[in-house]
């Protein structure tokens, strides 16, 4: 390929009204995309200051381009590129935290949005409270004006706004967490109470933390994707992002002071997102995790490859019909049968190379929301969710660090060392399961003391050891059928 010119901004950046923490691939395919559509439609002061907490990758990729990047929709009829221009500035908090705090304290900033993944909230997975034992939280408490965590940065910026007699900004979580708004509120208030109870009271009284439900399958961008985008567009863009056509954003309409009219470009503002959120977490994220762990162990690289296997296709449908949907109330305006049918079509899209390994990351943070809550609800209904218990067992096999051929698994999880040690502590399936169930950061006491659950997971783990993931899934299908 001949040398290409690099993508650059050709129009002035919009004045910023939003600071976004965590400008990864999903943010670019989702928040930045919705906002760009709105700014094209009606303009306004809703540009985004994109702030990386630690890595300078986003700044290295986006700053030379003036913040613009290419969003490529991977549809069944081909690839459609669009240049996104909603990012006004890119910053790295680790390099200059004071500059970030100064921007967030600017009265022009009305919203601070987040895509920092589950672990970014520094919460205890089982209790939801701020985990004060985390070293980064302890460091932020010791030096609150030099924060490194998202929680510490938000509280420090809110403290500055309060001191300046400004209203707080709205904190808008866009991560896949149950009641993500309440989660954000809790960890922020917990942190604020530890440094200044009066500040915490002001945040509780004046702050707003609307919950959201977000959905767009967005694989991590690879070097091959960058080359693919260059061939499509004729220019070089290391910041490009590729994603599916579908997107859905449901937002509680509860903001401190103004908000973008995202509903003009397809978002939904509602009084409560609880039912939509539960539908998505359990139906999409729950089956995504099930297909990721079991599919990975069976040798499948992507979700589309996994559901192309008829054994896994049947398993996914059975999970929805027999284990997940009985625990999901129907959200307003949704048809659950149609929703799961559309999910399966999205999973089958071969243009989306969503790696099972990528989805399997950070399982200790994801399992309580995506899988364990459904299992607990089915147990309360008098039923054992055999397929989801098999998923838990597959996660346990996965974090043990060896696949079915004995090859090392690159386990990415904040508790990876602890989980590996727990797995290694047991010799038999029952001992390994018992040791991992003792990790109460993941499993609640109520669940691990339910012998039905313990027995189901132990039996599933034995099946994975004895006959392998694909055969275990096939056996589960036969039992469920």
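Restricting 242, 232 to residues that are surrounded by fewer than 18 Cβ atoms within 10 Å (Cβ to Cβ), outside any loop (DSSP other than H, G, I, E, B) and on the phi < 0 side of the Ramachandran plot narrows the list to 232. Determine which single condition residue 219 fails, assuming it passes every other condition in (1) assigned to a loop (DSSP other than H, G, I, E, B); (2) out of contact with any helix residue (DSSP H, G or I) (no Cβ under 8 Å at 6 or more places or on another chain). All conditions are met except number (2). The condition of being under 22 Å from the mean Cα position of the chain (by Cα), assigned by TED's automatic domain parsing to the domain that holds residue 24 and either touching a residue at least 12 places away in the same chain (Cβ under 8 Å) or not in a helix (DSSP H, G or I) (or both) holds for only one of 166, 172, 158, 141, that being 172.
Condition (residue is at negative phi and assigned to a helix (DSSP H, G or I)) applied to segment 8-25: is it met by at least one residue? Quick ask: steps written out before the conclusion?
Let us first name the residues in segment 8-25 that are at negative phi, namely 8-21, 23-25.
Next, only the ones that are assigned to a helix (DSSP H, G or I) stay: 25.
Yes, some residue in segment 8-25 is at negative phi and assigned to a helix (DSSP H, G or I).
Is segment 460-467 home to any residue that is within 30 Å of residue 131 (Cα to Cα), out of contact with any strand residue (DSSP E or B) (no Cβ under 6 Å at 6 or more places or on another chain) and surrounded by 16 or more Cβ atoms within 10 Å (Cβ to Cβ)? Within segment 460-467, not a single residue is within 30 Å of residue 131 (Cα to Cα), out of contact with any strand residue (DSSP E or B) (no Cβ under 6 Å at 6 or more places or on another chain) and surrounded by 16 or more Cβ atoms within 10 Å (Cβ to Cβ).
Within segment 24-39, identify whether any single residue is more than 20 Å from the chain's Cα centre (by Cα), in the same structural domain as residue 249 (by TED's automatic domain parsing), over 21 Å from residue 244 (Cβ atoms) and modelled with pLDDT of 95 or more, and answer yes or no. Lay out the reasoning, then the answer.
Kept after step one, since they are more than 20 Å from the chain's Cα centre (by Cα), are these residues of segment 24-39: 36-39.
Applying the additional criterion that residues be in the same structural domain as residue 249 (by TED's automatic domain parsing) yields 36-39.
Subset that is over 21 Å from residue 244 (Cβ atoms): 39.
Narrowing further to those that are modelled with pLDDT of 95 or more: 39.
Checking segment 24-39: at least one residue is more than 20 Å from the chain's Cα centre (by Cα), in the same structural domain as residue 249 (by TED's automatic domain parsing), over 21 Å from residue 244 (Cβ atoms) and modelled with pLDDT of 95 or more.
Might you check whether a residue that is modelled with pLDDT under 95 and part of a helix (DSSP H, G or I) occurs anywhere in segment 409-418? For segment 409-418, residues modelled with pLDDT under 95 and part of a helix (DSSP H, G or I): absent. For segment 1-21, a residue qualifies if it is within 25 Å of residue 176 (Cα to Cα) and in contact with a strand residue (DSSP E or B) (Cβ under 6 Å, 6 or more places away or on another chain), and the qualifying residues are 18, 19, 20, 21. Among the residues making up segment 69-109, those that are part of a loop (DSSP other than H, G, I, E, B) and under 23 Å from the mean Cα position of the chain (by Cα) are 86, 93, 94.
The values are calculated or read from the model by the stated rules, or taken from the named source; none is laboratory data. Since we're looking at a predicted model, the values are computed, not measured. Glycine gets a Cβ as well: all are built from the backbone with ideal geometry, and neighbour counts include every protein chain shown.
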